């Protein structure tokens, strides 16, 4: 099927899945669909059950925290090729932030709930996925810490 | 003064009780603790968590939590952070100046409900001010409560409130005090990181704990989530909310959160009751 | 001889004049509907001649017109303003404060020493209900607005039963009209099928009976009583609008994310007209001002509107920034939260918000849309 081949190709080449065994790639492809969001749509909101993760194909998504008197405060913008959401893999499987589309966005949505179940049965797969997602998380934490440094400010956060 | 008492034949915002500033302590660059003594009759009793409307002459009123000791007689104590015109005017007061006070208003922290339980106080920034009276109440009858933890987070070491007291509290064996800052800059500081990180490390029995959380709403939201994950039931978690308050007595309509008036149904709310309203954005 | 309608009397124009004169002699400031600048407003009445005889109004979404038709004194529906401008005034000086030169003393000078005694002439059932709602909000809570309580206690109310429904009326949806239920000192129904002004009058209080006793009057005949009843019943069945109140509170409270809020936000200008015109809206703000010359500070309390961006402002910004959030707040408060707060609806079905909205937003239509769309999804 054209659609599935398209997804399968992308999965095979994407850094997060690179090197996974063929049977795992096929399983993951079977859990994936193409999705599309309009500008302003929310992929998920803080507190939502995190049962889906995404690879953005086109467009940009703002990861933000809602601060009541300030509205949504962006902490990061995720774009083409980026992975969105790791909360699907770690309990309590709850979205920690809001994800709002800043533009028309096309992405591949992966059924995290299904994959979680598979990981529970097949720990080899689980370990592989955890390693890959952990790498993303580490990158984000490092980036966040550098952001915290407020390197452009005066050092004394005011 | 008798004549002022008589003038409460008008709406409450038409009434104020003059207080003289008898003490000004600069806590940080933008925060001041004021000691106020009423002109004339004694100060009314208050419960931890309540607030007064403080009036700065010619500038206006602001709702400020009481930060003093409810168990002892003495001046009325308020810790004010300069964030607007009224609070800035209050922060510029000097000894001998006179301000207006209306109150106390609002629902208190559930100190009685916590009897027999472990107590966790989670404070973010200026949020320590409305919780300090609670700590005084807990310490005044210490044996009625289990383990008491104070978890306090603020932006930088320069923003710490009540430094002297923090040292004293840390020295007590019947109190666990953990302080953390978001940014430590050059100064060495024991704990750097958000206050939520302190929660899983605190010693409390989640089945028998009452938690009271105060600070910016985002901080409260994330702290409560941490407490829930640790197993504290939503019915035993309390937060103190802040909304635009103009009259303090439920007549001006400004402080509404859905059907609740934060000035009289709050500011202290039980999390299980208020969470559904807080989930609705821009309610 | 025609049968006497128990406790029901007839007044003519001379009697109406006499009513105003007696009330003024008793120290009341008589206020009621007058025509001014193409609208019916509420202002001082010196005599019955000041009433808007011969005027008729047409009210619709974003539309208010007066035309000359007939010869009734109370031929129009709800005036542009509501009675809250007297009982809960738009601006009240709460106090003045003097500070000693050395800054070490504050002296309070109470403001607005005089509380006026108003005789409200021509209060429609919806507006009477709105006054009762304000009684709950402002004087029956934990803290009372004592200025309101004082004005309210003094106020003499001459209600008027509607014999005609307007295009924006929906009091029948709340069972609050068109017949005035209770809370009046006197209530009148104008008969339009006579050649001369004729008012059927009933008494509501002892105070009302005492005033009526001083007026030239005669008992109403049964036919006259029936004529009044029929006209009121006809008005009840001819309401311009309808609001289905069944489960409305729960409907609104469980739909905070309904797309209709965004839809309304595209039309709403947040001008706040609805809150100014609404007889039950009560929100106020305090403005602290200083007089550079006298050195005194004063506090004024003024009407405020939840549509103002600054209404929900705390340091950092407003809590209700978007238009949709503000519209949702107003409508949900009016039709739902009010029950939780005060045990009654906040809306009395007067329809002013519909007429005075420049975008013509109709609260009954918005409620219908939310209910309808929910049913579809459900």
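Determine which single condition residue C:271 fails, assuming it passes every other condition in (1) more than 21 Å from residue C:127 (Cβ to Cβ); (2) in contact (Cβ under 8 Å) with a residue 12 or more places away in the chain; (3) not assigned by TED's automatic domain parsing to the domain that holds residue C:330. It is condition (3) that residue C:271 fails.
Scan the range A:18-39 for residues that are outside any helix (DSSP H, G or I), surrounded by 13 or more Cβ atoms within 10 Å (Cβ to Cβ) and touching a strand residue (DSSP E or B) at 6+ places or on another chain (Cβ under 9 Å) and jot them down. Let's see the steps before the verdict.
Restricting attention to the range A:18-39, the residues satisfying the condition of being outside any helix (DSSP H, G or I) are A:18-21, A:31-39.
Keeping just the survivors that are surrounded by 13 or more Cβ atoms within 10 Å (Cβ to Cβ) gives A:20, A:31-37.
Once the filter is applied, which keeps residues that are outside any helix (DSSP H, G or I), surrounded by 13 or more Cβ atoms within 10 Å (Cβ to Cβ) and touching a strand residue (DSSP E or B) at 6+ places or on another chain (Cβ under 9 Å), the range A:18-39 yields A:31, A:32, A:33, A:34, A:35, A:36, A:37.
Only one of B:80, B:32, B:24, B:39 is surrounded by fewer than 19 Cβ atoms within 10 Å (Cβ to Cβ) and under 21 Å from residue B:162 (Cβ atoms). Can you tell me which? Answer to the check: B:24. In a residue-by-residue description of the range B:81-96, the property of being at pLDDT 95 or above, part of a strand (DSSP E or B) and not assigned by TED's automatic domain parsing to the domain that holds residue B:158 applies to at least one position. Given the criteria closer than 27 Å to residue B:141 by Cα and either in contact with a strand residue (DSSP E or B) (Cβ under 6 Å, 6 or more places away or on another chain) or more than 10 Å from every other protein chain (Cβ to nearest Cβ) (or both), does residue B:16 qualify? When the stated conditions are applied, residue B:16 does not pass them. Residues in the range A:45-76 that are within 13 Å of the chain's Cα centre (by Cα), outside any loop (DSSP other than H, G, I, E, B) and more than 19 Å from residue A:14 (Cα to Cα): A:62, A:63, A:76.
Filtered by the rule that a residue be over 30 Å from residue C:369 (Cβ atoms) and either in contact with a helix residue (DSSP H, G or I) (Cβ under 8 Å, 6 or more places away or on another chain) or at the interface with chain B (Cβ under 7 Å from one of its Cβ atoms) (or both), the range C:280-312 gives C:284, C:285, C:286, C:288, C:290, C:297, C:299, C:301.
Please specify each residue of the range C:303-346 satisfying the condition of being under 20 Å from residue B:250 (Cβ atoms) and assigned to a loop (DSSP other than H, G, I, E, B). The answer is C:304, C:305, C:306, C:308, C:319, C:320, C:343, C:344, C:345, C:346.
Tell me, yes or no, whether the range B:240-257 has at least one residue that is away from chain C (no Cβ under 14 Å) and not in a helix (DSSP H, G or I). Show your work before the answer.
Start the filter on the range B:240-257 by keeping residues that are away from chain C (no Cβ under 14 Å), which leaves none.
No, that holds for no residue.
Which of (1) within 14 Å of chain A (Cβ to nearest Cβ); (2) surrounded by 15 or more Cβ atoms within 10 Å (Cβ to Cβ); (3) in contact with a helix residue (DSSP H, G or I) (Cβ under 8 Å, 6 or more places away or on another chain) does residue B:178 not meet, given it meets every other one? So the condition that residue B:178 fails would be (1).
The values are calculated or read from the model by the stated rules, or taken from the named source; none is laboratory data. All values reported here derive from a predicted model rather than from experimental measurement. Counting neighbours? That spans all protein chains shown, and the Cβs are built from the backbone with ideal geometry, glycine included.
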